[in-house]
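Novice: Shown below is the structure under consideration.
Each reported figure results from applying straightforward, stated rules to the coordinates on display, with no laboratory input. What you see is a predicted model; the values in this text were computed from it and never measured. When we count neighbours, we look across all protein chains shown, and the Cβ atoms used for this are built from the backbone with ideal geometry, even at glycine.
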Protein chains: 2
Amino acid sequence: MRCRKCGQKAVIHMRQHRLALCKNHYLEWLPDQTERFIKKYQMFNRHERILVAVSGGKDSLALWDVLWQLGYQVDGLYINLGINADLAYSDLSQEHALAFASARELKLITVNVKQQFGESIPEIAGRERRGQGKTCSICGLVKRHIFNQTAMEYGYDALLTAHNLDDEVAVLLANTLDWSLNRLARGLPVLPAGSGFARKAKPFCRFYERETAAYTFLREIQYIAQECPYAAGSKQLYYKQDLNRWEDEMPGTKLRYYLNYLSALNEGAFPQRQEGPEELAKQRCPVCGQPTITCGLCAFCRLFSK
Amino acid sequence: MRCRKCGQKAVIHMRQHRLALCKNHYLEWLPDQTERFIKKYQMFNRHERILVAVSGGKDSLALWDVLWQLGYQVDGLYINLGINADLAYSDLSQEHALAFASARELKLITVNVKQQFGESIPEIAGRERRGQGKTCSICGLVKRHIFNQTAMEYGYDALLTAHNLDDEVAVLLANTLDWSLNRLARGLPVLPAGSGFARKAKPFCRFYERETAAYTFLREIQYIAQECPYAAGSKQLYYKQDLNRWEDEMPGTKLRYYLNYLSALNEGAFPQRQEGPEELAKQRCPVCGQPTITCGLCAFCRLFSK
């Protein structure tokens, strides 16, 4: 297989685009495409200060790298969740995030959940009575809270996550199986700021996971290769397997699924539910000051007040 | 496992309902539930004349049997598609439909596609240039046309098909993967009559396939057990396998998926597309007189005019 642009040996073939590229042209193509998505979905611009949520994994470091190369004013936010049992998952991933930032002289904000709030994610999960997947749901709640609080406190214009197409369609499949209209109405690549919530954007939402993986590999970015030990057996991984099989047998399935969904949203498929937390969160938490839909403590502060 | 109603040995356990029943109580339960769905979704009543599309398979004969037992004014419609290659699929299924009707002294209308229109389904498919699954799509078009034409000509109040929950969720999954808004807006258990189209209803839409199979078996109804030879490799069968696996691992998945979808429709999801063929089909075909969205011949008459 040859590069479509120069005829050199290709390093990647993207069946859904019928496009093969060599290393150099791929390392141009992925940032070019990212720039295209940022503009297309009006995510942010070069005058704005943006914050990327960095886990130390391949997608978030690749996103930070791409935005830095493209000349955006982008800082990183790393949250140490205290997941350090058999594998020192959190500490190792923090090292990768720190090494990445210092090599490029980029600013990394670090929050340590245990040091700052008194308990690690596994410790909270250990005392909470929730069903299956409780660790992941608690972790999601804690991260969303800290992401937003940090973005608001430091005055960033947008908060970015590195969700890729594989992530987005797995969530989409789960949400269509449940017909969660609130969630289905809000699966956009960018969500505007409002009522104490920062603008959120996902510049990698149209890249397959193998595309971001190839980028990270070719750029020789060091990252934590292990999955979080709590992710095993999650519903998202379960649906990812099915989606991978469909993609293998019908190339382009995931991208079509996602793009057709965005068109459906654009055509007003879920009109009643366009209001999300921004519109619903009329109250402020008396402890942290963040918006909440309930009277009294927000879900995050309730978690730590027990 | 014991019957919840009488304590006798149960013949079926429906995990999603946490309900086990003996033969006699199951043979009461399924018609009772059917009656409940007919009323709940306002499908039709005992003063109306209804027509059930009968394939000779287990679901459609079970539906006819249930409606006959419940005292509805129900006739059958059998379409011989001329699928008689290695296996005399059409002729065998016709025999089952005829035997069923004559044993109960029920009226069965029979249409033979080859005799009436000059070509069988495989013959049409053989000369048509369509992609994968073309035989199934042509067959669907022909059946829908004949169903509607017959229902209208004979003045039936409603046309019924025996789609079960497994059928409905497989179509639903395919439609969400494509985000076909028109189809998603119209996956209701009953669609009203309008502009030359008969009312359509699916009284078995909430039964798992194994439930209608158990009913057919326990009632000792003879049916064609073989699948249509063209169904092998269809996308619907493909998605059914995935849905079956999800159901095995998370009992109730299919029913929740379908009921949550109906709730979503009820809450106004897909509003732009509530208009279906009824609203769109402003023209009449000059040959058959049936409604069509195009000027000139309808799709059915175009198929046979080539």
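Novice: Could you give the dipole magnitude of the range B:20-146 about its Cα centre, charging the beta-carbon of Lys and Arg +1 and that of Asp and Glu -1, in debye to the nearest 20?
Specialist: I would put it at about 460 debye.
Novice: Let's test this: bin the Cα-Cα distances of the range B:41-96 at 10 Å from zero up to the farthest pair and state each bin's percent.
Specialist: Taking every Cα pair in the range B:41-96, the percentages come to 22, 46, 22, 9, 1.
Novice: Across the Cα atoms of the range A:145-285, what radius of gyration and what greatest pairwise Cα-Cα distance (Dmax) are found, in Å?
Specialist: Gyration radius and largest Cα-Cα distance of the range A:145-285: 16.7, 49 Å.
Novice: Taking the dipole about the Cα centre of chain A, with the C-beta of Lys and Arg at +1 and of Asp and Glu at -1, give me whichever of A:GLY296, A:PHE217, A:PHE270 is farthest to the positive side.
Specialist: Checking the options against the dipole of chain A, the answer is A:PHE270.
Novice: When chain B is treated as a GNM, springs tying every alpha-carbon pair under 10 Å, which of B:LYS254, B:LYS23, B:LYS202 comes out with the largest mean-square fluctuation?
Specialist: Top of the fluctuation ranking is B:LYS23.
Novice: Residue farthest toward the positive end of the dipole of chain A, with Cβ of Lys/Arg at +1 and Asp/Glu at -1: which of A:ALA201, A:THR161, A:LEU188?
Specialist: A:LEU188
Novice: Suppose a student asked you for the relative contact order of chain A, using Cα pairs under 8 Å spaced at least 6 residues apart; what percent would you report?
Specialist: It comes to 19 percent, rounded to a whole number.
Novice: Mind checking the dipole of the range B:203-274: about its Cα centre, +1 per Lys or Arg Cβ, -1 per Asp or Glu Cβ, Debye to the nearest 20?
Specialist: 200
Novice: Here's a follow-up. Name the residues whose placed amide hydrogens come within less than 5 Å of the amide hydrogen of B:LEU108, ignoring near sequence neighbours (fewer than 5 apart) on the same chain.
Specialist: Counting only residues 5 or more places away or on other chains, the set is B:GLY76.
Novice: Per the Debye formula with a single identical scatterer at each Cα and no solvent contribution, what log10 I(q)/I(0) holds for the range B:1-85 at q = 0.15, 0.19 Å⁻¹?
Specialist: -0.70, -0.92
Novice: So, one more: Semi-axes of the equivalent ellipsoid of the protein assembly as shown: what are they in whole Å, largest first, if each equals the square root of 5 times a C-alpha gyration tensor eigenvalue?
Specialist: 53, 30, 22
Novice: Output the Cα-based Rg and Dmax of the range B:26-131 in Å, rounding Rg to one decimal and Dmax to a whole number.
Specialist: Computed over the Cα atoms of the range B:26-131, radius of gyration and Dmax are 16.4, 48 Å.
Novice: Relative to the longest principal axis of the C-alpha atoms of chain B, give the angle of the C-alpha long axis of helix B:134-153, reported between 0 and 90° and rounded to the nearest 10°.
Specialist: The two axes meet at around 90 degrees.
Novice: Estimate the FRET efficiency between A:GLN226 and B:MET250 by the formula 1/(1 + (r/R0)^6), using the beta-carbon distance for r and 25 Å for R0, to the nearest 0.05.
Specialist: Working from the Cβ atoms, E equals 0.40.
Novice: Looking only at chain A, where both bridge partners belong to it, what percent of the DSSP beta bridges are antiparallel (to the nearest 5)?
Specialist: Antiparallel bridges: around 35 percent, rounded to the nearest 5.
Novice: By DSSP, what percent of the beta bridges with both residues in the protein assembly as shown are antiparallel, rounded to the nearest 5?
Specialist: Here the share of antiparallel DSSP bridges comes out near 35 percent.
Novice: Further question on the same structure: Using just the Cα positions, wrap the range B:64-119 in a convex hull and report its mean projected area in square nanometres, one decimal place.
Specialist: 4.2
Novice: Across the range A:79-84, in residue order, what do the Karplus-derived ³J(HN,Hα) couplings come to in whole Hz, using 6.51 cos²θ - 1.76 cosθ + 1.60 with θ = phi - 60° and x for Gly and Pro?
Specialist: Each residue of the range A:79-84 in turn: 10, 7, 8, x, 9, 9 Hz.
Novice: Once amide H atoms are placed 1.01 Å from N in the peptide plane, what residues at a sequence separation of 5 or more from A:ILE79, or on another chain, have their amide H within under 5 Å of its amide H?
Specialist: It is A:VAL54, A:VAL111, by chain and number.
Novice: Please give the calculated 222 nm ellipticity per residue for the protein assembly as shown, where each DSSP H segment of at least 4 residues contributes -39500 (n - 2.57) and the sum is spread over every residue; nearest 500 deg cm²/dmol?
Specialist: -14500 deg cm²/dmol
Novice: Additional query: In percent, how large is the relative contact order of the range B:2-133, given Cα pairs closer than 8 Å and 6 or more residues apart?
Specialist: Once normalised by length, the contact order is 16 percent.
Novice: Taking 18 Å as the cut-off for C-alpha to C-alpha distance, list the pairs among B:LYS107/B:LYS202; B:LYS58/B:LYS202; B:LYS40/B:LYS143 that go past it.
Specialist: From the list (B:LYS107/B:LYS202; B:LYS58/B:LYS202; B:LYS40/B:LYS143), the Cα-Cα distance tops 18 Å for B:LYS107/B:LYS202; B:LYS40/B:LYS143.
Novice: Can you give the longest run of chain B that contains no GluC sites (Glu not before Pro) sitting in a DSSP loop with at most 11 other Cβ atoms inside 10 Å?
Specialist: Between the exposed loop sites, the longest stretch runs B:106-219.
Novice: Which of rounded, prolate, oblate describes the range B:125-220, given a ≥ b ≥ c as roots of the alpha-carbon gyration tensor eigenvalues and a/c under 1.5 marking rounded, otherwise prolate only if a/b is larger than b/c?
Specialist: Rounded.
Novice: In whole Hz, with x marking every Gly and Pro, tabulate ³J(HN,Hα) for the range A:85-94 from phi via Karplus 6.51 cos²θ - 1.76 cosθ + 1.60, θ = phi - 60°.
Specialist: Calculated HN-Hα couplings, in order: 6, 5, 10, 7, 4, 5, 5, 5, 5, 5 Hz.
Novice: With θ set to phi - 60° and the Karplus curve 6.51 cos²θ - 1.76 cosθ + 1.60, what are the ³J(HN,Hα) couplings of the range A:175-192 in order, to the nearest whole Hz, using x for Gly and Pro?
Specialist: 6, 6, 5, 8, 6, 7, 4, 4, 6, 4, 6, 10, x, 7, x, 9, 10, x
Novice: What does the convex hull of the alpha-carbon atoms of chain A project to on average, in nm²?
Specialist: 16.5
Novice: Mind jotting down the distance between the C-alpha centroids of the range B:195-263 and the range A:177-232, whole Å?
Specialist: Between the Cα centre of the range A:177-232 and that of the range B:195-263, the gap is 35 Å.
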